[in-house]
Every structure is written in structure tokens, then in C-alpha cells.
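Right, one structure below, let's go through it.
The values are calculated or read from the model by the stated rules, or taken from the named source; none is laboratory data. This is a predicted model, so every value here is computed, not measured. Using ideal geometry, Cβ is built from the backbone for each residue, glycine included, and neighbour counts are taken over all protein chains shown. The accessibility values were calculated without ligands, DNA or RNA, using every heavy atom of the protein model including side chains. Shrake-Rupley method; radii C 1.70, N 1.55, O 1.52, S 1.80 Å.
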Amino acid sequence: MLNGIQIQEGLTKLIVPVDHSVNGPGRINDSIFFNEQMAFNRDVSVMFLRALGKKITVADAMSATGSRAVRIAKEVPNSIVTANDINSDAIPYIEANIELNELTNCTSSRKNLHSLLAENVFDYIDIDPFGSPMPFLHSAIQGCKRYGILAITATDTAPLAGAHRAKCERRYQSRPIRGPMCHEGGLRILLATMAREMAKFDKGMTPVLSFYADHYFRVYIHIEDGAGNADDSLSKLVYLSYNPETLERSISKEMDKDHKYGPFWGGQLFDKEHLSKMDPTNTAKEKRCIKMLDLWKHEIDDIPYLYDMSEISSYLKISTPRYETFLEKMNECGKTSATHMGPTLFKTELELKEILSIFKEHSPM
Ligand SMILES: C[S@@+](CC[C@H](N)C(=O)[O-])C[C@H]1O[C@@H](n2cnc3c(N)ncnc32)[C@H](O)[C@@H]1O
């Protein structure tokens, strides 16, 4: 007998444990994991897959209650979904959710994902673990069809964003960065690590959608077979220098005494054409989906560093101009954008001296 309640998420009905998490990173307790706050994360999966507009086989490899798998099966036309979890207590939830939504394109599976992905291949694989995805990455790469898509969540934000540097270096073989660039850095470390793991299998990758939200990083990458593609992906890795005293940042292909952070993924975060096909209609968090799609679409994504209005204000010892006005004035001189990483952060092609001059000119002092 399930100790569950029925909720609605998007167009899907879900039975989830009564004592599920509502906010924050989610609690691990005796019951099957479900976090209401991740509704936005599941919305993005639905929008992402709908935008592909084709028949697709899906493995939700760490499905818990089956919430993501069942939403995909219900809300993405032409999807054939496997909802897998190693925990036998998850299976009654998955099966109840399949039945509740009268789905014929979703099946439950109770396997260690390493076996599932050694025995079967899929067009799209979703890995959504507690903490780091690294222990599951090799299996996910192997279980993905040629030119397939991997979607990975990482909730080990503290190491990736530099709060636990040694842990980041151990897990991701990359040195994280603290300060205003910590989340941009964490996202790009995750991508860089994936590029290096793919290269071991002679595969390259193109990120289609990569973002930071709430307490986690999430990346959707398109896998491209071939040694040439692997080399091409590796050529996009960069090291970063950052001097908080002068605010200077720069990138280098090689690590040296200044460029000591990284490696980071230095290429694109988004495929803007794919983003333009993503439709937020009927999602659970429609307003948030509209806002984030707009931010991602307009974000400069091929420069791997950003600036913070408040660090410039402290450096110049003057007040901060209005964010929107500042961005508008910056854009008159060179390409500048907001970023989904935070409401006081921005990205620009302009040099630091130009940024400082425009900041001074528009500061109320
Ligand atoms: C964070 S929860 C997944 C949440 C779910 N994707 C959602 O959106 O609600 C992680 C799940 O991974 C499962 N898991 C852990 N190791 C696994 C493995 N080796 N193979 C398959 N499932 C695994 C756990 O039982 C747990 O249910």
C-alpha cells in the first residue's frame, strides 16, 4: 500500500509520497524521493524533448516515483519511455503513475542503471542522482545511441562552485573558482569533465542547453561520434585567470601561474535554434519557463566569464547604476547581456577599462 498523495504537474497526474520535499535540495529519507521544487527541471525536459519533434526512445535511468518519465510519456508526443530505478520500493509508485495516466508508451524497470545501459541503447538518457553524476557517466555514454542526447543533473554544487576545492579537483579534475563566477565556473567544469570523458570513447559533444538553477546544475548535450569531434570538443577547454584586486579576467588554452582555474568548457552553453522551438505552454511553472527561456536565448554564451555589478561598485567605490540602464548603455558600445546566473551579473565583449568607464558615467555616485 502506497503512503502517497495525488498531485498535478503540467498535464500529468502524479502519486508521490505524502512526506515529500517541497523546497530546497530535497531530503533523503525512508520514502521514495520526490521534490516538488524540481517541477521546473522536469518542465524543461518536457519542453526540450517536445522541441525535437521526432520519435524518441527515453531512459529515465534514476526515476524514483517516475515523475519525469511519466511526464515525458504523457506530454511528449512519440516518446517511448523506460522508467528505471534500482530501489524496489520505487516500482509501485512508477506503476501507479503509469496506470493513473493510462500510458501505453511507458514501462517500469528495476535495474542498476549500469546493467540497463549495458544491455540497451536509447536516444535520450536522463541521469538525476543524489549529488555527483560522475559515477554514472561512463554507463550513460555507453547506453546512448549514436548522435543521442544525454541529460545530466549535478546537485553537488558546493564542490563545483568552489566551496570544497579538493573535492572538485578529485571528482572533476578541475580547479573551481570562487566569487561572482562560481556558478558559471561550476557549470563549465561539469561540461569540461563530460567532454573529457566522451573523448575517451572517441566522441565529441555539443551542449544544447546548460543551466544553473536553485541548487543544481543541469546540462543537455548532443553526442557526436568520431575522433575528430572528440578533438574538437577538447579544443574548447580553457583556463581562467581572475584577479579580485584589479577585476581582470582572461582565458588561456594552457594552464599557467595566472590561468590556474579550470579547465572549463569554453564553448557554447545553448543551441539557440533549439531554444527557439521550446514551448512553455501547459508547463507546471509556465511563468518561470517563459522568463528563463528569454534569459537563455539572449545570453552571451561563448565567453566563459562574467562580471558582477556589486564587485565593480566596491572596486570603484561608487554606487551602482540601474542594471537595465547600464546594460543598455554597454550595448551601445559592444555586445553585452544579462545572464541567468544572477540578477546583478552580466556578460560582455567589452574590455574592463570600457566597462569601468561606462559604469562611472552612469553611476548616481
Ligand atoms: C534524486 S532521485 C531521482 C529523482 C527523480 N528523477 C525525480 O525527478 O523525482 C535518485 C534516484 O536514483 C536511484 N538510484 C541510485 N543509484 C542507482 C543506480 N545505480 N541505478 C538506478 N537507480 C539508482 C535512487 O534509488 C533514487 O530513487
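At a glance:
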quantity: 28 Å Cα-Cα threshold exceeded, pairs from Lys272/Lys347; Lys200/Lys277; Lys203/Lys277; Lys253/Lys291; Lys167/Lys291; Lys291/Lys335; calculated: Lys200/Lys277; Lys253/Lys291; Lys167/Lys291
quantity: Relative packing of 145-151, 205-211, which averages over residues the other C-beta atoms within 10 Å, highest first; calculated: 205-211, 145-151
quantity: Probe 1.4 Å, protein heavy atoms only - accessible area per residue of the chain in square angstrom; calculated: 43 Å²
quantity: Kirkwood-type radius of the stretch 1-156, with distances r between different C-alpha atoms, in Å; calculated: 15.4 Å
quantity: Sequence-distant residues sharing a close amide H with Gly148 (under 5 Å, placed H); calculated: Ile223
quantity: Fully extended contour minus Cα-Cα distance, from Ile7 to Leu100, at 0.36 nm per residue; calculated: 32.4 nm
quantity: Kirkwood hydrodynamic radius of the chain, Cα pairs, Å; calculated: 21.4 Å
quantity: Order by protection proxy (mean Cβ within 10 Å, highest first), peptides 310-319, 266-275; calculated: 266-275, 310-319
quantity: Sites Ser363 and Asp231 - FRET efficiency at Förster radius 41 Å, r taken between beta-carbons, to 0.05; calculated: 0.35
quantity: Potential extension, Gln142-Glu354 segment - 0.36 nm per residue separation minus Cα distance; calculated: 71.6 nm
quantity: Packing rank of 185-196, 324-335, where each peptide gets the mean count of other beta carbons within 10 Å, highest leading; calculated: 185-196, 324-335
quantity: Dipole of the stretch 1-154 [Lys/Arg +1, Asp/Glu -1 at C-beta], most positive-end residue of Asn78, Ser67, Gly131; calculated: Asn78
quantity: Rounded tilt (10° steps) of 90-100 against the dominant C-alpha axis of the chain; calculated: 80 degrees
quantity: Cβ-placed point charges (K, R +1; D, E -1), dipole of the chain about Cα centre in debye, nearest 20; calculated: 260 debye
quantity: Rounded Å value of the spacing that divides the Cα centres of the stretch 240-267 and the stretch 212-228; calculated: 22 Å
quantity: With Cα atoms, 0 to 90° folded angle of helix 39-52 axis to the chain main axis; calculated: 90 degrees
quantity: Rounded to 10°, Cα long-axis angle of helix 323-333 versus longest principal axis of the chain; calculated: 70 degrees
quantity: Options Cys333, Thr281, Leu356, ranked by Cα towards positive dipole end of the stretch 279-365, top entry (Cβ charges); calculated: Thr281
quantity: Accessible area of the chain belonging to carbon and sulfur atoms, whole % at 1.4 Å probe; calculated: 49 percent
